[in-house]
Amino acid sequence: MSESPKGAMKPRDLVALLDRMTVAEATAMDIDVDAIGRAIDPRKVGRSDLSTMLRAFHRLAAEGADIKLSGMGAGTFAKLISSASTEQVQSIMVDPDLRVRILDEVFRRMSTHLRQDRVRDLHAVIHWRLTGGAGEGGYDRYETVIENGTCVVNREMTEQAKVTITLSPVDFLKLISNNASAPVLFMTGKLKVRGDLAFAAGLAGLFDLPRA
């Protein structure tokens, strides 16, 4: 999709175009997911438009278009979350398929944001419990194993956790996109920690979190 149509389009019109787009049209237009993300200002679209945009990406990819959420840069995603209202982020997280796709993509990227200078000799297992999920106890669960300078993600809990962190998916997205403070979330009861509190307090420092 070239720069001039995007520049001439209002954000809501761009979202509507994506929502009704066919695979053939998407292929012909050579859509750039990151460019579209940069063109969308959440403050100028409706409550459900962000989820509509992301759902359109998911649908077109499932139908065979070469459109992947991984094509959206971390900074672009952080900008979207930074500008989005809580209601807009919630509208993404209430769609079960979209929620899992977004969370899977975020966790998949963790290894690329790991700060090698701080994890070289570290072995640590973190269990994440995201409220309102479809798993046991009403949580979506992820395990991140930091070892040998990598961050391996599992959906099954394979090791004893150094720390278990529980929070809502909305607060999680804000946290990992540098739009929320872990200490503030903890002090207000929105983030719960079980295990090594000192390690949990420094966990964000192990990653080079994207900024809007």
> Would you say SER168 is free of Cβ contacts under 8 Å to residues at least 24 places away in the same chain, open to solvent by 20 Å² or more (accessible area, probe 1.4 Å), over 22 Å from ASP117 (Cα atoms) and among the hydroxyl-bearing types (Ser, Thr, Tyr)?
Replying inline: no
>> Out of the helices (runs of 4 or more DSSP H) lying entirely within the stretch 137-212, which hold 3 or more residues that are out of contact with any Phe, Trp or Tyr (no Cβ under 6 Å at 6 or more places or on another chain) and farther than 22 Å from ALA78 by Cβ?
In response: 197-201
> Mind checking which residues of the stretch 111-131 are in contact with a helix residue (DSSP H, G or I) (Cβ under 9 Å, 6 or more places away or on another chain), at pLDDT below 95 and under 19 Å from PHE172 (Cα atoms)?
Replying inline: THR112, HIS113, LEU114
>> Out of the residues in the stretch 171-199 meeting the condition of being without any contact (Cβ under 8 Å) to a residue 60 or more places away in the chain and of a type in the set (S, T, N, Q), tell me which one is least open to solvent (accessible area, probe 1.4 Å).
In response: SER181
>> Given (1) open to solvent by less than 60 Å² (accessible area, probe 1.4 Å); (2) in contact with a strand residue (DSSP E or B) (Cβ under 8 Å, 6 or more places away or on another chain); (3) closer than 18 Å to PRO210 by Cβ, identify the lone condition not met by ILE92.
In response: (2)
>> Can you list residue pairs whose Cβ atoms sit under 9 Å apart, with the first residue in the stretch 84-109 being assigned to a loop (DSSP other than H, G, I, E, B) and the second being of a type in the set (Val, Ile, Thr) and crowded, with 18+ Cβ neighbours inside 10 Å? Count only pairs 6 or more apart in sequence or on different chains.
In response: ALA84/ILE92
> Restricting the first residue to the stretch 148-165 and requiring it to be within 22 Å of ARG115 (Cβ to Cβ), which pairs with a second residue that is among the hydroxyl-bearing types (Ser, Thr, Tyr) and at pLDDT below 95 meet a Cβ separation below 8 Å and a spacing of at least six or different chains?
Replying inline: THR150/SER111; CYS151/SER111; VAL152/SER111; VAL153/SER111
>> Residue under question is SER51, and the condition is that it be among the hydroxyl-bearing types (Ser, Thr, Tyr), open to solvent by less than 20 Å² (accessible area, probe 1.4 Å) and under 17 Å from VAL170 (Cβ atoms); does it hold?
In response: yes
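The values are calculated or read from the model by the stated rules, or taken from the named source; none is laboratory data. Source: prediction; values computed, not measured. Here the Cβ is made from the backbone with ideal geometry for all residues, glycine too, and neighbour counts use every protein chain on show. The protein model used for the area step is the full one, side chains on, heavy atoms only, and it has no ligands, DNA or RNA in it. Shrake-Rupley method; radii C 1.70, N 1.55, O 1.52, S 1.80 Å.
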